[in-house]
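A short reminder: the numbers here are calculations on the coordinates, not readings from a lab. All values derive from a computational prediction rather than experimental measurement. So basically every Cβ, Gly included, is an ideal-geometry build from the backbone, and we count neighbours across all protein chains shown.
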Amino acid sequence: MKGLKEKVVVVTGAAGGIGTAISKRFGEEGSTVALFDLNEDGAARVAAEIEAAGGKARAYRVDITDHEGVHAAVARVEEELGPIEVLVNNAGWDMGSFFLQTEKPFWDKVVAINLYGPLNMHHAVLRRMAERGRGRVVNISSDAGRVGSSMEAVYSFCKGGLIAFTKTMAREMARQHIPVNVVCPGPTATPLLDNLAQGEKGERIKAALVKAVPFGRMGEPGDIPGTVAFLASDDAAFISGQVISVSGGLTMAG
Ligand SMILES: NC(=O)c1ccc[n+]([C@@H]2O[C@H](COP(=O)([O-])OP(=O)(O)OC[C@H]3O[C@@H](n4cnc5c(N)ncnc54)[C@H](O)[C@@H]3O)[C@@H](O)[C@H]2O)c1
């Protein structure tokens, strides 16, 4: 992919299923990967795997819901690795429940991670990119944010919000030629999906999801990084404010 070599790339949620796959892909592209996660050991393990494969990576323990902590971590990355050229907002969290069975403390947690997390990251990183007139942002939303998803009401609220926010940032950053885009995975086999669909009922939900996907299978973490790398590359320099689903044809939005 053009223009990724030696670029500093921040990936949030880098210890998770999709975040690991994205981080490793940037490692293979010759980027320097800063892995942000609450799970410090997990992020360090992925960083070590990237380095063992000949890439460059460093893990950072970051809680993306902590505004001050995010600003401090971003400053540290720039001191240690250089200017951040690509931001991938990938961290996310949910538990499956019908909305009427949920309570406010649960909403607060979902909103803090899935909405305030990306807000904090954009605030800290985009200011620096805007000053330099250079950079790329790829936000990982979800098909839940495009078409809704039963038992994921507050999560869908956040993911839809992230899509609208991305389009607005794409407009605000256009003068600096900084593309901001969204990738929406469909159901993908990761710990997050296991969290959503547990036990016997969970297996039935997963089987129903597979049936609904025209390609006839669940997504794998490795299905996502190609689109993310493309949107971060020079080949996508004139693409901004766009939403791409990677879901085996599950969502065909116009
Ligand atoms: N798996 C799916 O079916 C699916 C579908 C659509 C969208 N997505 C989205 O893809 C992204 C990655 O999801 P995944 O399936 O790989 O999930 P995952 O649970 O495997 O990984 C999420 C990672 O985010 C980290 N994280 C959670 N809260 C954090 C915080 N406050 N600060 C820093 N890190 C934090 C976790 O420690 C974990 O490593 C998420 O944004 C998710 O919403 C996933």
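Points to keep in mind about this one:
- The range 89-148-the range 62-84 distance, computed between alpha-carbon centres (Å): 17 Å
- By the rule of a C-alpha distance below 18 Å, with chain neighbours fewer than 8 residues away ignored, the lysines paired with Lys109 are Lys159.
- Quarter the surface of the alpha carbon convex hull of the range 1-151 and you get the mean projected area, 9.5 square nanometres.
- Hydrodynamic radius (Kirkwood) for the range 1-75, which is based on Cα pairs only, to one decimal in Å: 12.0 Å
- Computed E for Ser150/Arg45 - FRET, C-beta separation, R0 41 angstrom, nearest 0.05: 0.75
- Whole-Å distance, taken between Cα centres, linking the range 1-44 and the range 171-248: 16 Å
- Of the complete DSSP H runs in the chain, those spanning 15 angstrom or more by Cα along the long axis with a mean Kyte-Doolittle score not below 0.0 are 153-172.
- Under 26 Å from Lys7, Cα to Cα: lysines that are on another chain or at least 8 residues apart: Lys24, Lys56, Lys167
- With bins 10 Å wide beginning at 0, the percent of Cα pairs of the chain falling in each bin runs 8, 33, 38, 18, 3, 0.
- Here the range 89-164 is treated as an ellipsoid with the same Cα gyration tensor; its semi-axes, largest first and in whole Å, are 27, 13, 8.
- Each principal axis of the range 125-254 carries a Cα extent, and these read 52, 28, 27 Å when sorted largest first.
- The relative contact order of the chain comes to 20 percent, based on Cα pairs under 8 Å that sit 6 or more residues apart.
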